[in-house]
Amino acid sequence: MTKDSFYYTRFTEKEHSLKKPFEAPQNMHYSNFLKKINHYVVCIIFIALLPLIISCVPKPTVTPPPPKPVKIALVLGAGASKGFAHIGVLKILELNKIPIHMIIGTSVGSFVGSLYAYGYDAYQLQTMSFSLQREDIVDLTIPDNGFVKGEKLESYVNWALKNTTIEKLRIPFHAVATNVQTGEEVIFGTGNTGTAVRASCSIPGIFRPVQIGDNTYVDGGVVSPLAVDAARRHGADVVIAVDISSTLDSSPPKSTIETILQSVNIMYGRMTLIQIGRADVVIKPSVGHIGSADFSKRHEAILEGEKAAMEALPKIDLIMANFKREGRVP
């Protein structure tokens with residue numbers, strides 16, 4: 001080998017050895033570039049397909065809440081002895097399986113309502129009414145802020161209910177009274193049932209006012225003889241109101257008590273107009289000819305209650321059918 005060829009060969013080998021290190025990095029960069037391209041392509045494809053992937057995932061089943069069951073309130077109005085008509089109304093509602101979820105009673109309405117809320121059915125109430133004597137619930141006394149003490153009425157209710165308190169009655173029950181010191185409507189929903197009914201029935205001038213705690217109460221009919229609004233405030237969706245005070249006995253009163261009762265009935269009739277329009281169904285037994293202190297026509301009053309309730313049934317049935325369609329009646 002000549003000197004020139006030796007240098008040529010060395011140069012060529014050296015040049016070759018210098019080129020190799022530069023070729024490897026170029027291949028590596030190209031490979032990394034392809035990897036990045038592939039990564040971007042995959043990301044783009046994934047993003048493009050994401051809605052389709054999500055749509056294929058089974059969606060959790062959302063069960064809508066069940067419809068709220070309808071709450072029906074029966075409002076029993078004031079009217080003294082005319083209140084026997086409430087029993088006739090209850091007979092027809094019971095016979096036609098109209099559910100009652102709440103009872104609001106004023107004066108005699110609280111008396112009948114408390115017994116029904118306890119668990120007596122309408123036919124039992126009818127039997128009780130036929131045997132009821134005035135002396136069972138009326139304790140006359142020397143006039144002193146009233147002719148009747150009211151203690152017998154309270155005792156009768158507690159005896160019939162076996163001393164069950166209001167909050168433990170089978171059907172939620174509320175008795176309406178008037179705070180005579182403030183003029184406010186008071187709704188009794190807890191406590192001694194007999195005392196609450198006595199307060200609700202304490203017709204001014206006839207019964208002595210009832211002292212409960214620091215307050216004095218008289219008949220709820222003074223402010224709310226047909227307590228439709230109270231039923232709404234307590235959550236009633238449907239209000240069936242029984243008005244027994246809209247018609248009056250045309251015969252002249254013959255005693256002081258009859259005069260007071262007739263005057264109170266006139267007041268009841270006027271006060272009832274304030275709330276009666278807000279009831280869904282109004283049942284009006286024709287009991288105007290029955291005196292407020294007349295116990296002799298109790299059977300007639302019951303029959304009038306039945307007739308009036310029968311007349312109102314088509315409207316009640318229509319309301320019930322609408323709620324059944326909505327799934328709110330079991």
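The values are calculated or read from the model by the stated rules, or taken from the named source; none is laboratory data. Note that the coordinates shown come from a computational prediction; the quantities given were computed from them, not determined experimentally. Note that each Cβ is placed from the backbone with ideal geometry, even for glycine, and that neighbours are counted across all protein chains shown. Surface accessibility is based on the protein's heavy atoms, side chains included, excluding ligands, DNA and RNA. Shrake-Rupley method; radii C 1.70, N 1.55, O 1.52, S 1.80 Å.
Please go through the range 233-247 and give me each residue that is part of a loop (DSSP other than H, G, I, E, B), of a type outside the set (D, E, K, R) and more than 8 Å from the chain's Cα centre (by Cα), ordered by number. Don't jump to the end; show me each part of the working.
So in the range 233-247, the residues part of a loop (DSSP other than H, G, I, E, B) come out as 234-237, 243-247.
Filter again for of a type outside the set (D, E, K, R), leaving 234-236, 244-247.
Across the range 233-247, the qualifying residues are ILE244, SER245, SER246, THR247.
Residue by residue, here is whether (1) open to solvent by less than 70 Å² (accessible area, probe 1.4 Å); (2) within 26 Å of ILE100 (Cβ to Cβ) holds:
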| site | (1), (2) |
| --- | --- |
| SER255 | yes, no |
| THR259 | yes, no |
| LYS284 | no, yes |
| ALA309 | yes, yes |
| MET320 | yes, yes |
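Can we say PRO285 is within 23 Å of GLN126 (Cβ to Cβ) and either at pLDDT 90 or above or of a type in the set (D, E, K, R) (or both)?
Numbers: within 23 Å of GLN126 (Cβ to Cβ): yes; either at pLDDT 90 or above or of a type in the set (D, E, K, R) (or both): yes.
Against the criterion (within 23 Å of GLN126 (Cβ to Cβ) and either at pLDDT 90 or above or of a type in the set (D, E, K, R) (or both)), PRO285 qualifies.
Give all pairs with beta carbons closer than 8 Å in which a residue from the range 209-235 that is in contact (Cβ under 8 Å) with a residue 12 or more places away in the chain and within 12 Å of PHE188 (Cβ to Cβ) meets a residue that is open to solvent by 30 Å² or more (accessible area, probe 1.4 Å) and among the acidic types (Asp, Glu); count only pairs at least 6 apart in sequence or on separate chains.
Every condition considered, the pairs that remain are GLY220/GLU185; ALA227/GLU185; ALA230/GLU185.
Which residue, of SER110, SER114, SER200, is in contact with a Cys (Cβ under 7 Å, 6 or more places away or on another chain) and open to solvent by less than 40 Å² (accessible area, probe 1.4 Å)? Before the answer, list the steps.
Working: SER114 fails: in contact with a Cys (Cβ under 7 Å, 6 or more places away or on another chain); SER200 fails: in contact with a Cys (Cβ under 7 Å, 6 or more places away or on another chain).
The conditions single out SER110.
I'd like to check something: does the range 282-299 contain any residue that is acidic (Asp, Glu) and either over 24 Å from the mean Cα position of the chain (by Cα) or at positive phi (or both)? Spell out how you get there, then give the answer.
Of the range 282-299, the ones acidic (Asp, Glu) are 294.
With either over 24 Å from the mean Cα position of the chain (by Cα) or at positive phi (or both) added as a condition, the list becomes 294.
Yes.
Would you check if there is a residue in the range 125-140 being at positive phi and of a type outside the set (Phe, Trp, Tyr)?
No, because not a single residue in the range 125-140 is at positive phi and of a type outside the set (Phe, Trp, Tyr).
Quick one: would you say GLY146 is modelled with pLDDT of 95 or more and either closer than 24 Å to LEU226 by Cα or surrounded by fewer than 17 Cβ atoms within 10 Å (Cβ to Cβ) (or both)?
Values: modelled with pLDDT of 95 or more: no; either closer than 24 Å to LEU226 by Cα or surrounded by fewer than 17 Cβ atoms within 10 Å (Cβ to Cβ) (or both): yes.
Spelling it out, it is not the case that GLY146 is modelled with pLDDT of 95 or more and either closer than 24 Å to LEU226 by Cα or surrounded by fewer than 17 Cβ atoms within 10 Å (Cβ to Cβ) (or both).
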